[in-house]
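Encoded as structure tokens, the structure appears first; notes follow it.
The values are calculated or read from the model by the stated rules, or taken from the named source; none is laboratory data. Since we're looking at a predicted model, the values are computed, not measured. Cβ placement follows ideal geometry from the backbone for every residue including glycine, while neighbour counts extend to all protein chains displayed.
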Amino acid sequence: MPEVSVVVCARNEEKDIGECLKALRAQTLKPEIIVVDGHSADNTVNISKQLADKVVFDNKAGLADARNVGAKAAAGKIVAYCDADCRPLPEWTANIAKLLEDGIAASGPLVAYDGGLKLRWSFRIWADLVPRFLGKIGFNNLWGANMAFRRDVLLANPFSVRFIEDYEIGCRLRNIGKVRFSKLMAIPASTRRFAKSFYWTCFKYYIVGAIKIKLGRPDSGYYSAS
């Protein structure tokens, strides 16, 4: 049985998913690799079948559903998630295993590997320095592109909203056990979703989404490569 199962939720990711899966296959702690496909119209599934251990399909019910499908398909004690455009460093899964020795969930910084200088620095501040500072004062949050859970805890407390599902599950799990945010889990990630405007995208998707959750009106957003 693998110690860590890594779930990659993907939809029309033929340009990026191959490099992501190759990076996962090169981990020092070999994970089970699961791709949850969102019924892609491109070559994502064929690429995934060549490099992943399992390829399953979601229920066309959004990203939270896809994450839950992946968790149920996993065999490892730990379920980790990364995006199809991430490039996990060789020690990523080994560091996840260490971080979850005394915790139930963990996350780490996103480190930009593309984009201009301004966008890279925006990532450095808001996807690394700020959450690490918040973690120091006890507010550990989870990045959907880079997070891991004890599988038993995740199955008992599945993703339950269809938008900013990472934020919502992080808030719930902090009331159950130890949630960590550590630089040991840093993962190179693409800035492509923020290329037009980093701050407007963050406001539109995260701040507005958090307000909707507080008001009991979670969005029904779907995920895609664009």
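Exactly one condition in (1) surrounded by 19 or more Cβ atoms within 10 Å (Cβ to Cβ); (2) farther than 16 Å from Met185 by Cβ; (3) small (Gly, Ala, Ser) is false for Gly144; which is it?
The single condition Gly144 does not satisfy is (2).
Give just the number: which of (1) closer than 30 Å to Val55 by Cβ; (2) touching a Ser or Thr at 6+ places or on another chain (Cβ under 6 Å); (3) part of a helix (DSSP H, G or I) does Lys98 not satisfy?
Against the list (1) closer than 30 Å to Val55 by Cβ; (2) touching a Ser or Thr at 6+ places or on another chain (Cβ under 6 Å); (3) part of a helix (DSSP H, G or I), Lys98 comes up short only on (2).
Which numbered condition in (1) touching a residue at least 40 places away in the same chain (Cβ under 8 Å); (2) basic (Lys, Arg); (3) over 24 Å from Ala106 (Cα atoms) is the only one that Lys60 fails?
Failed condition: (1).
Please name all residue pairs, on different chains or six or more residues apart, with Cβ atoms under 8 Å, provided the first residue is in region 89-100 and is more than 17 Å from Ile33 (Cα to Cα) and of a type outside the set (Gly, Ala, Ser) and the second residue is at pLDDT below 95 and assigned to a loop (DSSP other than H, G, I, E, B).
Leu99/Ser182
Which one of Ala23, Ala52, Ala41, Ala66 is touching a residue at least 60 places away in the same chain (Cβ under 8 Å) and more than 19 Å from Leu155 (Cβ to Cβ)?
Details: Ala52 fails: touching a residue at least 60 places away in the same chain (Cβ under 8 Å); Ala41 fails: touching a residue at least 60 places away in the same chain (Cβ under 8 Å); Ala66 fails: more than 19 Å from Leu155 (Cβ to Cβ).
Only one candidate qualifies: Ala23.
Filter region 43-69 for residues that are assigned to a helix (DSSP H, G or I), surrounded by fewer than 24 Cβ atoms within 10 Å (Cβ to Cβ) and touching a Phe, Trp or Tyr at 6+ places or on another chain (Cβ under 8 Å) and give the result.
Asp65, Asn68, Val69
Can you find a residue that is among the β-branched types (Val, Ile, Thr), crowded, with 17+ Cβ neighbours inside 10 Å and either within 21 Å of Asn95 (Cβ to Cβ) or touching a His at 6+ places or on another chain (Cβ under 8 Å) (or both) anywhere in region 155-165?
Taking every residue of region 155-165 in turn, none turns out to be among the β-branched types (Val, Ile, Thr), crowded, with 17+ Cβ neighbours inside 10 Å and either within 21 Å of Asn95 (Cβ to Cβ) or touching a His at 6+ places or on another chain (Cβ under 8 Å) (or both).
Would you check if Val153 is touching a helix residue (DSSP H, G or I) at 6+ places or on another chain (Cβ under 9 Å), free of Cβ contacts under 8 Å to residues at least 60 places away in the same chain and among the β-branched types (Val, Ile, Thr)? Talk me through it step by step, then tell me what you get.
On the way: touching a helix residue (DSSP H, G or I) at 6+ places or on another chain (Cβ under 9 Å): yes; free of Cβ contacts under 8 Å to residues at least 60 places away in the same chain: yes; among the β-branched types (Val, Ile, Thr): yes.
Yes, satisfied.
Which of the residues that make up region 103-141 are surrounded by 15 or more Cβ atoms within 10 Å (Cβ to Cβ), at pLDDT below 80 and in a helix (DSSP H, G or I)?
The one that is surrounded by 15 or more Cβ atoms within 10 Å (Cβ to Cβ), at pLDDT below 80 and in a helix (DSSP H, G or I): Gly135.
More than 27 Å from Gly103 (Cβ to Cβ), at pLDDT below 80 and not polar (S, T, N, Q) - does that describe any residue in region 185-194?
yes
State all residues of region 174-191 that are touching a residue at least 60 places away in the same chain (Cβ under 8 Å) and over 20 Å from Phe133 (Cβ atoms); if no residue qualifies, say none.
Ile176, Gly177, Pro188, Ser190, Thr191
Among (1) outside any loop (DSSP other than H, G, I, E, B); (2) more than 21 Å from Asn175 (Cβ to Cβ), there is one condition Arg87 misses while meeting the rest; what is its number?
Condition (1) is where Arg87 drops out.
Determine which single condition Ala74 fails, assuming it passes every other condition in (1) surrounded by fewer than 21 Cβ atoms within 10 Å (Cβ to Cβ); (2) small (Gly, Ala, Ser); (3) closer than 18 Å to Phe159 by Cα.
All conditions are met except number (1).
Would you confirm whether any residue within region 32-39 is of a type in the set (Gly, Ala, Ser) and either surrounded by fewer than 16 Cβ atoms within 10 Å (Cβ to Cβ) or out of contact with any Asp or Glu (no Cβ under 8 Å at 6 or more places or on another chain) (or both)?
no
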